[in-house]
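Just below is one structure, and these are the notes that go with it.
The values are calculated or read from the model by the stated rules, or taken from the named source; none is laboratory data. Given the structure is predicted, the values throughout are model-derived calculations rather than measurements. So basically every Cβ, Gly included, is an ideal-geometry build from the backbone, and we count neighbours across all protein chains shown. Just the protein is used for accessible areas: all its heavy atoms, side chains included, with ligands, DNA and RNA removed. Shrake-Rupley method; radii C 1.70, N 1.55, O 1.52, S 1.80 Å.
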Amino acid sequence: MQYLYLFTFGPSIFIVSYIYLSDRFREPAGLVISTFILGHLICFPAGILNNIIIFSSNNPKDMVFAAGLIEEPLKFSILYFFIRKRKMFNEPMDAIVYGTLISLGFATLENIEYVFFNNEEISSLSIAILRAFTAIPLHACCGIIMGYYFGLYFFRNRSFTLIKSLLVPTFIHCTYNYLTGVNTLYFLLFLILVILYSFKLHNEVKREQKGKLFEAENKLKD
């Protein structure tokens, strides 16, 4: 049973800790926790919409890509309507931290449903292990990428990156879901490329942050 919990919760905890600790100027615990919980909460409207759009269709497997069209905009809405207005949201790395928290808050609750309430023939432990190396990293990468482009929009006055912060993770999520039922090799190659890309973006912001004396930057968007 301990392995089941390890693979269900361990990957999210590890990735969140890595991103959080990579931030030179740590975010307040209260906002970190509330953001993670908000990621949990959007699972509920996402579940309703997924049932209406995907699982009520005649061929749900053909519609599975649509989950990205539902889930990523919900994550984006927290970043835009809640995080953007916080006083402590004051530099590009913050956007990556909170983007990751939202995504993994969502993925963690989703993981509980898949692992502990599944009706599949495959064992719960097998599902937990499979998702630990696929779905959880995918959600984390989408959060990092969303946060990266959102940070450019908010702190670098690059208006077009606001659209990219929504469209790029949505495209990645939709493609990931589509490839799960098409070709295993293409699916794995795509996931590896997404992981490498998200690491590149995160490291770029991390290097930039090393040269800063102070955390706060001018907020160019209201």
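The table for this structure:
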item: Contour minus Cα-Cα distance for Ser126 and Tyr18 (0.36 nm per residue); result: 36.4 nm
item: Spacing of the two label points (7 Å from each Cα toward its C-beta) at Leu193 and Tyr5, in nm; result: 4.0
item: Given charges at beta-carbon only (K, R positive; D, E negative), |dipole| of the stretch 1-105 in Debye; result: 260
item: Accessible area in square angstrom per residue, the stretch 46-203, 1.4 angstrom probe; result: 46
item: Positive-end extreme of charge dipole, the chain - chosen from Ala67, Thr180, Leu166 (charges on Cβ); result: Leu166
item: For the chain, with +1 on Lys and Arg beta carbons and -1 on Asp and Glu, the positive-most of Met93, Ile19, Leu189 along the dipole; result: Met93
item: The chain - percent of accessible surface contributed by carbon and sulfur, probe 1.4 Å; result: 67
item: Structure-derived mean projected area of the Cα convex hull in nm²: which label, when the choices are [x] 12.3; [y] 15.9; [z] 17.5; result: [x]
item: Dipole magnitude (debye, nearest 20) for the chain, charges at Cβ of Lys, Arg, Asp, Glu; result: 840
